[in-house]
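**Student:** Take this structure, written in structure tokens, and hold onto it; I'll ask about it next.
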Amino acid sequence: MAFGVLVLLIAVIGYMLRVEKERRFDFLKAFGVIIVQMFAGFVFIVLFFAVIFGLNVMTQSQEAPLTEGLFSVAALAIALAGVVLYFVLRLQMRFVPVSMTSLTIIEYYIQWSLIYITVYQVVFDNLLSKAMNVQSLIEGDISITEPTAVMIIVLPALMATWISVILYKFKVKEI
């Protein structure tokens, strides 16, 4: 339900901001492109993980330089997927061009999502695992200066502020 409302909000932002017709759906276009890119990125990352580990198994080497650690394998798979996605994006831009404004909005979506995931992780890893909740915060059992409480308060507020700045910059054609 909430995701549907979010998509609807993204679809009508151009109308809410009262921007010209050709820019009205830039936020929705950016959302569509990022969904496709994320799906393709996931597929490529899984494929590259499989290839890297497959090479390790085929060589039957315990000390293969490509698989020294999960962090290294992930970094290599992500970098390879990013390069392949670059070529996919170049090809896509020939058939379905997307404005530089939409590409900038995609960058913001990525940044906002990373911040949101961090907040989500903090909430579930730290607060819920320690049986801390909003009621504990209200009752004074959790200090407002505790790092997790600060993150839960500050990061969403920063995201909301950032969104307002981006919408304003979009409205006045600065992005």
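**Student:** Label points 7 Å out from Cα along the Cβ direction at Ser164 and Phe124: separation in nm?
**Tutor:** For Ser164 paired with Phe124, the spin-label model returns 3.0 nm.
**Student:** Going by C-beta contacts inside 10 Å, put Met151, Met16 in order with the fewest on the left.
**Tutor:** Met16, Met151
**Student:** Could I ask something else about it? Rank-order 5-14, 111-120 by packing density, defined as the average count of other C-beta atoms within 10 Å over each peptide's residues, highest first.
**Tutor:** Answer by packing, highest mean first, reads 5-14, 111-120.
**Student:** Between Phe87 and Met16, what is the label-to-label distance in nm when each label sits 7 Å out along the Cα-to-Cβ direction?
**Tutor:** 4.0
**Student:** Could I ask something else about it? Tell me, Phe95, Phe27, Phe124 in order of fewest to most beta-carbon neighbours within 10 Å?
**Tutor:** Fewest-to-most Cβ neighbours within 10 Å comes out as Phe95, Phe124, Phe27.
**Student:** Please give the Cα centre distance for region 108-126 versus region 3-43, rounded to the nearest Å.
**Tutor:** So the separation of the two Cα centres works out to 20 Å.
A short reminder: the numbers here are calculations on the coordinates, not readings from a lab. Since the model is a prediction, treat every value here as computed from it, not as a measurement. Please note: Cβ atoms are built from the backbone with ideal geometry, for glycine as well, and neighbour counts cover all protein chains shown.
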